[in-house]
Amino acid sequence: MPCQKNVYLSSEYLRHRLPGNTEPMKQKDIFTFRDAEKQAGPAAFATMLKPAGSSCNLDCHYCYYLDKAVQYGGRQAVMSDELLETYIRQYIEANEVPTVQFCWHGGEPLLLGVDFYRRAMTLQRKYADGKRIENTLQTNATLVDEAWCELFRENNFLVGVSLDGPEDIHDAFRLTKGGKPTFARVMASIDLFRRTGVEYNTLSVVNRLCEGRGAEIYRFFRNTVGSRYMQFLPAVEHVVDKPGMHRPLIVAPEYEGARLAEWSVTAKGYGEFLCDIFDQWVINDVGQYFVQLFDAALAQWCGVQPGVCSMGETCGDALVVEHNGDVYSCDHFVYPEYKLGNIRETTLAEIYRSKKRRDFGLAKRNALPAECLRCKFYFACRGECPKHRFETGADGCRKNTLCEGYMRFYRHAQPYMEFMRDQLAHGQSPAWVVPFARRRMGLM
């Protein structure tokens, strides 16, 4: 494990790390030099814009965002041109760095139509002020046509395609509002991206049906889909049935009558899934195909920032901007109590610098159980995403329900991560891990 650079300012933190101490930590007691350095440095943050709110043409069973329409009084309006301009201007101005990346999200962002994004591109050029502007967009890929491909190609969009795996896995939960499958349509869009030169990657929800099929799913994305950049995000939710609703409502675990959703992946199953994918990747594809979690893990082993908010020590640097200008600290915490403000009333720069946002981000680390902070793999997982903290640690603090799975993966990957770390330290390519892995696994 590399030497960690954090130096903790609070003796309270050290006291709570001592073995046998089960007193819960106070969130306010932990503030690091890295925290202070970040606060004093130039503002650099991302936003996930939801210009159509939670509106979507699909009805995916595990979608936690469809229910947000209720929070906004039912049917949602789309972002107005006036508010779009306000957002683009404020976002570019607030980022005190040379490159600003826009992330268009939903719901389904393509519901707004091509002309909406052409107007957005014009506004980006108007307010760029010498900064480099990049665009990413996440889509279910069921509405793609030649016009969309032209827009994406002309403006160098990186398009994220939501695809869960082979047909039987994808179509089990990702259905139209009429209950129809979507796999064939998504694959047709990917083929169109290939033919028109649109850059794309894939985002996959790992659900219970994925358990035991990690290697198969990875080969599907590598060989059939041609995805060189893959994300595999675990689905763990609690639900209740509500009268008048055709789908279960996603709720907190403490909600009366809440049950674990049937699509939720188990901790053991997720760990095995990651290990199976890793074994395929490490003996064949290092440096050619990229899995987000593996890249983040290697960064942690090298002592640098992982580039993924769920694996960062703190979070809150990927704000969500809703269709009406409301701003939240995280896509998974779009609830009234987490609202930071509205860009019609407070600028994004002020919102980002606010104490409420900062405290939300620090709580990712500061609210963890002492046992997590003492764990040998804390440097790698950092407690993962707070949205998955459904278990309770010995000191009463919330713990990640997928802990067993992550522990299994990091133990499994450790010798290979250490090898790649050492290669990088000597100016060599981490891809040299491939023959090392093959020898270690008895394949050569």
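Inspect all residues belonging to the range 237-259 and state whether any of them is in a helix (DSSP H, G or I), under 26 Å from residue 364 (Cβ atoms) and β-branched (Val, Ile, Thr). Checked against the condition, which is being in a helix (DSSP H, G or I), under 26 Å from residue 364 (Cβ atoms) and β-branched (Val, Ile, Thr), the range 237-259 yields no hits at all.
Just one of (1) of a type outside the set (S, T, N, Q); (2) closer than 19 Å to residue 281 by Cβ; (3) open to solvent by less than 40 Å² (accessible area, probe 1.4 Å) trips up residue 432, so point out which. Single failed check for residue 432: (3).
Any chance you could count how many residues in the range 335-365 are assigned to a helix (DSSP H, G or I), closer than 30 Å to residue 81 by Cβ, open to solvent by less than 50 Å² (accessible area, probe 1.4 Å) and not hydrophobic (A, V, I, L, M, F, W, C)?
Within the range 335-365, the subset assigned to a helix (DSSP H, G or I) is 336-338, 348-352, 355-365.
So of that shortlist, the ones also closer than 30 Å to residue 81 by Cβ come out as 336, 338, 348-352, 356-357.
Now narrow it down to the ones that are open to solvent by less than 50 Å² (accessible area, probe 1.4 Å): 348-349, 351-352, 357.
Those left that are additionally not hydrophobic (A, V, I, L, M, F, W, C): 352, 357.
Going through the range 335-365 one residue at a time, the tally reaches 2.
Kindly provide the set of residues from the range 373-397 that are assigned to a helix (DSSP H, G or I) and farther than 12 Å from residue 313 by Cβ, ordered by number. I'd like the intermediate steps shown before the answer.
If we filter the range 373-397 for residues that are assigned to a helix (DSSP H, G or I), which is where we start, we get 373-374, 378-381, 386-388.
Scanning the range 373-397 gives 374, 386, 387, 388.
The numbered conditions (1) open to solvent by 30 Å² or more (accessible area, probe 1.4 Å); (2) assigned to a loop (DSSP other than H, G, I, E, B); (3) modelled with pLDDT under 85 are all true for residue 76 except (1).
Test residue 335 against the criterion of being in contact with a helix residue (DSSP H, G or I) (Cβ under 7 Å, 6 or more places away or on another chain), touching a residue at least 60 places away in the same chain (Cβ under 8 Å) and of a type in the set (Phe, Trp, Tyr), and give yes or no. So residue 335 does not fit the description; no.
For the condition under 23 Å from residue 266 (Cβ atoms), of a type in the set (Phe, Trp, Tyr), in contact (Cβ under 8 Å) with a residue 40 or more places away in the chain and open to solvent by less than 20 Å² (accessible area, probe 1.4 Å), what is the one hit in 390, 409?
Working: 390 fails: open to solvent by less than 20 Å² (accessible area, probe 1.4 Å).
Answer to the selection: 409.
Being within 21 Å of residue 435 (Cα to Cα), surrounded by fewer than 21 Cβ atoms within 10 Å (Cβ to Cβ) and either over 13 Å from the mean Cα position of the chain (by Cα) or among the polar types (S, T, N, Q) (or both) is a property that holds for residue 279. Within the range 185-238, the set of residues being within 23 Å of residue 272 (Cβ to Cβ) and of a type in the set (Lys, Arg) comprises 208, 213, 219, 222.
Look at (1) modelled with pLDDT of 95 or more; (2) within 22 Å of residue 106 (Cα to Cα) and you find that residue 332 fails only one, number (1).
Conditions tested, residue by residue: (1) in contact with a strand residue (DSSP E or B) (Cβ under 7 Å, 6 or more places away or on another chain); (2) open to solvent by less than 60 Å² (accessible area, probe 1.4 Å).
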{"residue": "188", "(1), (2)": "no, yes"}
{"residue": "191", "(1), (2)": "no, no"}
{"residue": "196", "(1), (2)": "no, yes"}
{"residue": "220", "(1), (2)": "no, yes"}
{"residue": "228", "(1), (2)": "yes, no"}
{"residue": "234", "(1), (2)": "yes, yes"}
{"residue": "238", "(1), (2)": "yes, yes"}
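Of all residues in the range 262-305, those satisfying the criterion of being in a helix (DSSP H, G or I), in contact with a helix residue (DSSP H, G or I) (Cβ under 8 Å, 6 or more places away or on another chain) and polar (S, T, N, Q) are 280, 300. With respect to residue 150, is the statement that it is surrounded by fewer than 15 Cβ atoms within 10 Å (Cβ to Cβ) and modelled with pLDDT of 95 or more true? Answer is yes for this residue. In the condition set (1) among the small types (Gly, Ala, Ser); (2) open to solvent by less than 20 Å² (accessible area, probe 1.4 Å); (3) more than 30 Å from residue 429 (Cα to Cα), residue 296 is compliant with all but (3). Residue 368 meets each of the listed conditions (1) within 30 Å of residue 327 (Cβ to Cβ); (2) not in a loop (DSSP other than H, G, I, E, B) apart from (2). Residues in the range 253-276 that are more than 19 Å from residue 392 (Cβ to Cβ) and more than 23 Å from the chain's Cα centre (by Cα): 257 only.
Go through the range 303-327 and give me each residue that's touching a Leu at 6+ places or on another chain (Cβ under 6 Å) and modelled with pLDDT of 95 or more. Hits for the range 303-327 are 321, 325, 327. Within the range 357-374, residues that are among the basic types (Lys, Arg) sit with their Cβ atoms under 8 Å from residues that are part of a helix (DSSP H, G or I) and crowded, with 21+ Cβ neighbours inside 10 Å, at 6+ positions apart or across chains, in these pairs: 357/351. Taking helices (runs of 4 or more DSSP H) as the structural unit, those lying wholly within the range 103-212 and holding at least 1 residues that are touching a residue at least 60 places away in the same chain (Cβ under 8 Å) correspond to 114-127, 167-173. Taking residue 377, is it closer than 23 Å to residue 270 by Cβ, crowded, with 17+ Cβ neighbours inside 10 Å and modelled with pLDDT under 95? Criteria not met by residue 377. Any residue in the range 114-121 that is within 19 Å of residue 348 (Cβ to Cβ) and crowded, with 21+ Cβ neighbours inside 10 Å? Looking through the range 114-121, at least one residue is within 19 Å of residue 348 (Cβ to Cβ) and crowded, with 21+ Cβ neighbours inside 10 Å.
The values are calculated or read from the model by the stated rules, or taken from the named source; none is laboratory data. As the structure is a computational prediction, the values presented were derived from the model and not from experiment. Glycine gets a Cβ as well: all are built from the backbone with ideal geometry, and neighbour counts include every protein chain shown. Please note that ligands, DNA and RNA were not included when accessible areas were found on the heavy atoms of the full protein model with its side chains. Shrake-Rupley method; radii C 1.70, N 1.55, O 1.52, S 1.80 Å.
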